[in-house]
Amino acid sequence: MNDTASTLDRVVREIADEMRQRTDRGEVATYIPELARVDPGAFGLVVVDASGYVAAAGDCDTPFSIQSISKVFTLTLALGKVGDKLWERVGREPSGSPFNSIVQLERERGIPRNPFINAGAIAVTDCILSGHQPREALGEILRFMQFLADDDSITIDNAVAASEQRHGYRNSALANYMKSFGVLDNPVEFTLGVYFHHCAIAMSCRQLAMAGRFLAQFGANPSTGLAVVQRERARRINALMLTCGHYDGSGEFAYRVGLPGKSGVGGGIIANAPGKASIAVWAPGLDASGNSRLGQIALEALSKRLGWSIFGA
Ligand code: GLU
């Protein structure tokens, strides 16, 4: 093990130990009943550096519900499918609103502010679904995750998907509202079905950190050496993660952590230090904006101790 690897190992272990001792863990999401069953004491952290070295600590191999983290990957797929035409139906501005807010949609005639709030992600899912049956679209999303993580064992937690489907009144409202403006092409129930299921993909921190490598590596998949997306697209997805990846907590995340990142209400966050590392953290307790409380604290510590903020050490 070289010096950089041992420093990385030490920092990751230290942070996991510090997080284990904290009591201010936030609240586990309960609006999807199945998510409320998760252990609030769980914590995992994985960093994959540019050489492929993996530093891991805590519950790093426990699969959890990735929820909105999936939106980074569906955005990547949709851009691959329709390119910049996607921006005709989704914006690229931070919303400053909660993840499931409906107010902005009325003012902006059914065009969601960005691809990472629920409405935006539903519009992106609709784009992936066009020309396919829901099952095929979902298969494409799942295979993409498996390919990026280099792990065919990744699956969808059908109990979480069913639980969200049963309680998804707000997301149904968002989808129906967009449909009334012609922003969705497919039947609302098909689009929502695919959306709920891709949010219910279960992955561990290790699998997520692996899947995020292409964003840290300027679009390339280090396993194959081939481009997942062009360099310019990776840069742009990272820009959206930085500005919109944490809902109405995005400014605070950029201020404290200084890295592109995307959170999910399952308590996971993926982030990356461009050119340096892909990171995944999981701690199920959330803050008021629906972002993992300890996950953000851990990433702030990591970025600070390793001098990784994109704005300078
Ligand atoms: N599936 C969740 C929802 O649509 C995702 C929310 C999130 O992770 O922030 O409500």
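A few points about this structure:
- Residue in region 305-312 that is assigned to a helix (DSSP H, G or I), within 16 Å of the ligand (Cβ to nearest atom) and modelled with pLDDT of 95 or more present: no
- Unmet requirement for residue 267, which otherwise passes all of (1) touching a residue at least 40 places away in the same chain (Cβ under 8 Å); (2) under 22 Å from residue 50 (Cα atoms); (3) buried (at least 24 other Cβ atoms within 10 Å of the Cβ): (2)
- Tabulated pairs, region 181-202, first free of Cβ contacts under 8 Å to residues at least 24 places away in the same chain, second part of a helix (DSSP H, G or I) and within 13 Å of the ligand (Cβ to nearest atom), C-beta under 7 angstrom, 6+ apart or interchain: 188/175
- Any hit, region 175-184, residues being within 13 Å of the ligand (Cβ to nearest atom), in contact with a helix residue (DSSP H, G or I) (Cβ under 9 Å, 6 or more places away or on another chain) and outside any strand (DSSP E or B): yes
- Residue count for region 224-252 under the criterion of being touching a residue at least 24 places away in the same chain (Cβ under 8 Å) and in contact with a strand residue (DSSP E or B) (Cβ under 6 Å, 6 or more places away or on another chain): the result is 4.
- Within region 101-127, the set of residues being in a loop (DSSP other than H, G, I, E, B) and either within 15 Å of the chain's Cα centre (by Cα) or of a type in the set (A, V, I, L, M) (or both) comprises 102, 111, 114, 115, 116, 117.
- Residues in region 242-263 that are closer than 17 Å to residue 210 by Cα and within 16 Å of the ligand (Cβ to nearest atom): 261, 262, 263.
Condition check ((1) under 17 Å from the mean Cα position of the chain (by Cα); (2) free of Cβ contacts under 8 Å to residues at least 40 places away in the same chain; (3) away from the ligand (no atom under 13 Å from the Cβ)) across all residues:
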| residue | (1), (2), (3) |
| --- | --- |
| 24 | no, no, yes |
| 34 | no, no, no |
| 37 | no, yes, yes |
| 40 | no, no, yes |
| 45 | yes, no, yes |
| 54 | no, no, yes |
| 65 | yes, no, no |
| 70 | yes, no, no |
| 74 | yes, no, no |
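- Matching residues in region 77-129 - criterion: being in contact with a Cys (Cβ under 9 Å, 6 or more places away or on another chain) and of a type in the set (Ser, Thr, Tyr): 95
The values are calculated or read from the model by the stated rules, or taken from the named source; none is laboratory data. On a predicted model such as this, the values are computed, not experimentally measured, just so you know. Please note: Cβ atoms are built from the backbone with ideal geometry, for glycine as well, and neighbour counts cover all protein chains shown.
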